[in-house]
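*Asks:* The structure under discussion is supplied below as structure tokens; questions concerning it will follow.
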Ligand SMILES: C[S@@+](CC[C@H](N)C(=O)[O-])C[C@H]1O[C@@H](n2cnc3c(N)ncnc32)[C@H](O)[C@@H]1O
């Protein structure tokens, strides 16, 4: 997705002045644009770089990626894994498996990325790992549910990153003019803001990215 909230020229400048995208991620993005109906769902260079940086700073051993799509975010998140670390990534649509798997193999992380296919709200009831880093990037109305399902397993100091929290700026609309996605994102933002177990920073880049840090149980 190109940035809607951020001037396009500045977005290009910020991208150009940031560390270059890994060639494998450029190839994955190209293939996604050739084969997928909604390629803009892919995280892309700037957001992917933020995920990589956070992961490298945390050196996580357990990462959760909700909404694999073609695998871009999972590969970015894997960059900071410790030697025995794992990324669990969840995707509803099994037809996206081949492209994701191909790039997991090409990335060299296929042994550390575990792909689950099915509904995240069901899979997360079984997946109880001590998460260091979680990326929520799937169906918007379920963000609050995913947050609740992962929170008790998130370590103190662990980070949840949530995408699309400003939903094209539409979170600002009066409630009666909001669709279900922007309404859900506004409710999610309110829920996090009033949760005194965490600290949160809402970054107005791309479609809005929240970085949430667990400070108490
Ligand atoms: C915005 S895309 C994810 C993009 C990906 N994180 C990336 O960086 O390229 C959202 C994905 O969530 C998946 N999804 C939607 N609802 C889901 C659910 N209930 N459980 C698991 N995945 C779901 C969609 O099929 C879609 O592939």
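Rule-based calculations on the coordinates, nothing more; no lab input. On a predicted model such as this, the values are computed, not experimentally measured, just so you know.
*Asks:* Could you give the Stokes-Einstein D for region 1-129 in µm² per second, using the C-alpha Kirkwood radius, 10 °C, 1.306 mPa s?
*Replies:* On the way: Rh = 15.2 Å.
Answer, rounded: 105 µm²/s.
*Asks:* Further, regarding this structure: Based on the Cα gyration tensor of region 91-138, what are the three equivalent ellipsoid semi-axes, each the root of five times an eigenvalue, rounded to whole Å and given largest first?
*Replies:* On the way: eigenvalues 78, 45, 16 Å².
Whole-Å semi-axes of the equivalent ellipsoid: 20, 15, 9.
*Asks:* At 222 nm, what helix-only mean residue ellipticity would the chain give, in deg cm²/dmol to the nearest 500, using -39500 (n - 2.57) for each DSSP H run of four or more?
*Replies:* Numbers: 8 runs with 85 residues, N = 217.
Rounded to the nearest 500, it is -11500 deg cm²/dmol.
*Asks:* Express in % the proportion of alpha carbon pairs of region 74-160 at distances exceeding 19 Å.
*Replies:* Numbers: 1493 of 3741 pairs.
Roughly 40 percent, rounded to a whole number.
*Asks:* What value does region 8-214 have for Rg/Rh, both radii from Cα atoms and Rh as Kirkwood defines it?
*Replies:* 0.94
*Asks:* Over the alpha carbons of region 122-217, what is the largest minus smallest coordinate on each principal axis, giving the biggest first in Å?
*Replies:* Answer, in whole Å and largest first: 39, 27, 22 Å.
*Asks:* Using the Cα atoms of region 164-217 to build a convex hull, what is its mean projected area in square nanometres? Mind showing how you got there, number by number?
*Replies:* Working: hull surface 14.8 nm².
Result: a mean projected hull area of 3.7 nm².
*Asks:* Shifting gears a bit: Translational diffusion coefficient, Stokes-Einstein: compute it for region 1-58 using the Kirkwood radius over C-alpha pairs as Rh, at 37 °C and 0.692 mPa s, and state it as an integer in µm² s⁻¹. The partial results should precede the final answer.
*Replies:* Details: Rh = 12.4 Å.
Estimated diffusion coefficient is 265 µm²/s.
*Asks:* Just the ratio, please: alpha-carbon radius of gyration of region 64-103 over 2.2 N^0.38 Å, N its number of residues. Walk me through the numbers on the way to the answer.
*Replies:* Numbers: Rg = 10.1 Å, N = 40, 2.2 N^0.38 = 8.9 Å.
Taking N as the residue count of region 64-103, the ratio is 1.13.
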